[in-house]
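Asker: Take a look at this one; I'll ask things after.
What follows draws every value from the coordinates through simple rules; no lab data is involved. Fair warning: this is a prediction, and the values are worked out from it, not measured in the lab. Using ideal geometry, Cβ is built from the backbone for each residue, glycine included, and neighbour counts are taken over all protein chains shown.
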Amino acid sequence: PELTYAWIFNEYPTFVHQDNRRFVSQETGNLYIAKVEASDVGNYTCVVTNMVTNSRVLGPPTPLILRNDGVMGEYEPKIEVQFPEMVPSAKGTTVKLECFALGK
């Protein structure tokens, strides 16, 4: 891919590491965090790298805070799918399709 995405947590060089709760989409650049915990609180900065020119751009920091008042509301489940109409691929290659379920 020409562009790659990563996220800095609080300050460089601390990058968000993908695990069973964190995922960085290399299609959209979005950062997904499941079951937010107190340790997730901080500032997140998106880093986009152009692999062709080997240049890097940082977005503005986005704070993540936890509400302690318990007022988060109920969210209808929402499925986010951004599949193209067709996904051409060669036989024997791996195809990754991203699908996310949000809400309760």
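Asker: Rounded, prolate or oblate, given the Cα gyration tensor of the range 1-67, with a/c below 1.5 counting as rounded? Working shown, then result.
Answerer: Working: a/c = 2.52, a/b = 1.69, b/c = 1.49.
It comes out prolate by the Cα gyration axes.
Asker: Here is a follow-up. Return the distance in nm (one decimal) between the two label points of a simple spin-label model at Arg56 and Gln18, each offset 7 Å from Cα along Cα→Cβ.
Answerer: 1.8
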